[in-house]
Amino acid sequence: MKLLLKHRIIIVLLLCVGYSASAQIHIGLRDNRYARIGYTLKDSYLFTLEHSIYSEKFGFQKARLYVGYKHNWKNLGIQANLYASTLWNGNYQDCGVLATAHYRIFNPWIVYATINPHYDSEYDYMTCFTVATDVEVIKGLALTAQYTTIPEYRLSEKRVRAGLHLSYGNLSVTPLLSIPTDGNTKSIRVLCSFSFSFK
């Protein structure tokens, strides 16, 4: 009960600090299961708190903090985030880096690459990655395709993800179909992520 109270207090403080400092807050959901709230300072420095919404007891929920930096040039952009997370009951922790570069080849076509050195206190170290591309069909609608080994939940899996990237104003929504490419995992997942920025 005390942990639940602390968690709510942290979220309220983040909201209050964010609103008073500037209107660069974003809220959202990642891969159906992780609620997020973040703050961007001077359009470059990123702070994000993420919490799982598993259908399990509070002790088995996961909290993760990201601290990062991003910068864009004409056609090239980079973003790097350090992260650390834990289950509230302390069963395991993980940490790592998400380093992404994207390049706009020409106006409707962008390619991405992400490297993810990742450490899990139970499964040890692994290096994961994603390569992806977006092609804008019309303004606010892009087709996206990805090959990734970055964990969607906890374990690294080889998966192809394909779907749409929809954007309108400050809202961004990405529904994806996630398909395994090796024999160890049979599940096909329908994932949805969204983000809304208060700018």
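The values are calculated or read from the model by the stated rules, or taken from the named source; none is laboratory data. Here the structure is a predicted model, which is why all the values come from computation and not from measurement. With ideal geometry, Cβ positions are generated from the backbone for all residues, glycine too; neighbour counts draw on all protein chains shown.
Six or more apart or on different chains, Cβ atoms under 8 Å: show the pairs whose first residue is in segment 125-148 and over 19 Å from LEU191 (Cα atoms) and whose second is surrounded by fewer than 13 Cβ atoms within 10 Å (Cβ to Cβ) and not aliphatic (A, V, I, L, M).
GLU136/ASN107; GLY140/TYR168
In the set SER167, SER178, SER197, SER156, which member is touching a Cys at 6+ places or on another chain (Cβ under 8 Å) and either of a type in the set (A, V, I, L, M) or surrounded by 14 or more Cβ atoms within 10 Å (Cβ to Cβ) (or both)?
Of the residues listed, the single one that is touching a Cys at 6+ places or on another chain (Cβ under 8 Å) and either of a type in the set (A, V, I, L, M) or surrounded by 14 or more Cβ atoms within 10 Å (Cβ to Cβ) (or both) is SER156.
Residues that are in contact with a Leu (Cβ under 7 Å, 6 or more places away or on another chain), over 30 Å from LEU141 (Cβ atoms) and either among the small types (Gly, Ala, Ser) or modelled with pLDDT of 95 or more (or both): does segment 64-73 have at least one?
Within segment 64-73, one or more residues are in contact with a Leu (Cβ under 7 Å, 6 or more places away or on another chain), over 30 Å from LEU141 (Cβ atoms) and either among the small types (Gly, Ala, Ser) or modelled with pLDDT of 95 or more (or both).
Among the residues that make up segment 38-45, is at least one of them at pLDDT 90 or above, surrounded by fewer than 17 Cβ atoms within 10 Å (Cβ to Cβ) and on the phi > 0 side of the Ramachandran plot?
The answer is no, given that none of the residues of segment 38-45 is at pLDDT 90 or above, surrounded by fewer than 17 Cβ atoms within 10 Å (Cβ to Cβ) and on the phi > 0 side of the Ramachandran plot.
Within segment 100-138, track down each residue that is exposed (fewer than 14 other Cβ atoms within 10 Å of the Cβ), outside any strand (DSSP E or B) and touching a Phe, Trp or Tyr at 6+ places or on another chain (Cβ under 9 Å).
Of everything in segment 100-138, those that are exposed (fewer than 14 other Cβ atoms within 10 Å of the Cβ), outside any strand (DSSP E or B) and touching a Phe, Trp or Tyr at 6+ places or on another chain (Cβ under 9 Å) turn out to be SER121, GLU122.
Which is hydroxyl-bearing (Ser, Thr, Tyr), under 14 Å from the mean Cα position of the chain (by Cα) and either at pLDDT 90 or above or more than 15 Å from SER197 (Cα to Cα) (or both), of TYR83, TYR54?
The unique qualifying residue is TYR83.
On the basis of being among the aliphatic types (A, V, I, L, M), at pLDDT 95 or above and closer than 19 Å to THR130 by Cα, does LEU49 make the cut?
No.
Please verify whether segment 155-162 includes one or more residues that are of a type outside the set (D, E, K, R), part of a strand (DSSP E or B) and at pLDDT 95 or above.
yes
Return the pairs, sorted by first residue and then second, in which the second residue is modelled with pLDDT of 85 or more and among the aromatic types (Phe, Trp, Tyr), the first residue lies in segment 183-196 and is closer than 23 Å to ARG36 by Cβ, the beta carbons are less than 9 Å apart, and the residues are 6+ apart or on different chains.
If the second residue must be modelled with pLDDT of 85 or more and among the aromatic types (Phe, Trp, Tyr), the pairs left are SER193/TYR34.
Looking at SER85, SER55 in this structure, which one is of a type in the set (Gly, Ala, Ser), in a loop (DSSP other than H, G, I, E, B) and on the phi < 0 side of the Ramachandran plot?
So the residue among SER85, SER55 that is of a type in the set (Gly, Ala, Ser), in a loop (DSSP other than H, G, I, E, B) and on the phi < 0 side of the Ramachandran plot is SER55.
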